[in-house]
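Data block below; observations after.
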Amino acid sequence: MKSTIWTRWTTLVPLAGLLLLAPTWGRELGVVIELLLAVLLAGCVLASVQHAEGVALRVGEPFGSLVLAVAVTVIEVGLIVTLMVSGGSETDTLARDTVFAAAMITCNGIVGVALLLGALKFGTTHFNAEGAGAALATVATLATTCLVLPTFTTSAEGPVFSSSQLTFAAIASLVLYMTFVLTQTVRHRDFFLPVSPEGEILDEDEHATPPSNRTALNSLALLLVALVAVVGLAKVESHPIESLVARAGLPHAVVGVVIALMVLLPETLAAARAAARDRIQTSLNLAYGSAMASIGLTIPVIAVASIWIDTPLVLGLGETQIVLLALTVVVSVLTVVPGRATRLQASLHLVILAVYVFLAMQP
């Protein structure tokens, strides 16, 4: 019997994840159930990658990367808001920790993995410096505006924005993000397309045949289902994660790192697969687009949600985090400006990520 999209594991696993949310939501679970949900969570992540690639093949770059970045960020926002509403005083820094973790994971982890895979397979990786540079500049501006400046402003006590400052930062973030999307998809789309070693634009993916419109729409619907299942299962697993972090004696900021790792796993896998096809520009679109969406979309939504959430919204980074962000920006600039990279650049980014994770656990 011929397999259809509705009988494949990429459809059945997310649906199973959704079905298990109702009986497990908000309840104490045994170890066996928690392990089962963790396996389902991993399966939903893998399924979302498959469906995202189907959509990406249909709409082409850079629209495919944009679809996955926005979809995952919506899930991230929903997860942060849910945890802040249900959490206590320890969640006042959750938005900052998760957004900063997402920025470090995307700009160092996803970029590093993609460059390393590409360099190991093809020697030297090539990408469009104009597009990657524009994306990196936008990420740096968003991160500085939303995460660094609250540490130094004086209108409100502590590393927080006043109401007017938060409103301004939210509007500025949306303006920057929408301007970039317009540039990426309309005005200068060619800046964000994969390039050959000779610098020629590769508009089509020669390794795969684009699916039909019907198949792409099915993939889009199933992508949304899979991502909803991811955030739901991640929410159910959040309490065991928080308990595990507490028992290990680690800072609560590690929870934000774990959440960001779970949410960004689909994009990490998609970026790695693109790098294996010598489409490093696609990997960079995913990485920087995710960082941009994580800040540019999350902060405005959290700002609106803070009207109903009693927990203070702490956005300002600490000294160590600011240093790591500055180092990330400097190294990233040196990586993207030449338009090509080797295993050395990949190693630099991965080491910065390792330093960040280590210092998050041992501040």
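General observations
- Calculated FRET value between L19 and H239, using beta carbons and R₀ = 25 Å, to 0.05: 0.80
- Under the Karplus curve 6.51 cos²θ - 1.76 cosθ + 1.60, θ = phi - 60°, whole-Hz ³J(HN,Hα) for the stretch 247-258, x wherever Gly or Pro sits: 5, 7, x, 8, x, 5, 4, 4, 4, x, 5, 5
- Per-residue Karplus couplings for the stretch 274-279, computed as 6.51 cos²θ - 1.76 cosθ + 1.60 with θ equal to phi - 60°, are listed in order as 5, 5, 5, 9, 6, 10 Hz, Gly and Pro entered as x.
- Ranked by the mean number of other Cβ atoms within 10 Å of their residues, highest first, the peptides 170-182, 104-116 come out as 104-116, 170-182.
- With a simple spin-label model that places each label point 7 Å from the Cα along the Cα-to-Cβ direction, the separation between L224 and S155 comes to 3.7 nm.
- Sorted by Cβ density within 10 Å, fewest first, the residues K235, K121: K121, K235
- FRET E, pair A42, V330, Förster distance 51 Å, beta-carbon r, rounded to 0.05: 0.90
- For the stretch 346-363, backbone phi angles converted through the Karplus equation (6.51, -1.76, 1.60; θ = phi - 60°) give residue-by-residue couplings of 4, 5, 4, 5, 5, 5, 4, 4, 4, 4, 4, 5, 4, 6, 5, 7, 10, x Hz, Gly and Pro being listed as x.
- Fluctuation leader among L166, L269, L20 - the chain, Gaussian network, Cα springs under 10 angstrom: L20
- From the coordinates shown, semi-axes √(5λ) of the Cα gyration tensor in Å corresponds to which of [x] 40, 22, 21; [y] 30, 27, 19; [z] 36, 23, 18: [y]
- Projected label distance in nm at S196 and V31, using a 7 Å step from Cα toward the beta-carbon: 5.7
Taken together, the values in this text are just the output of simple stated rules run on the coordinates, not laboratory data. Bear in mind the structure is a predicted one, so any value in this text is a computation, not a measurement. All Cβ positions, glycine included, derive from the backbone under ideal geometry; neighbour counts span all protein chains shown.
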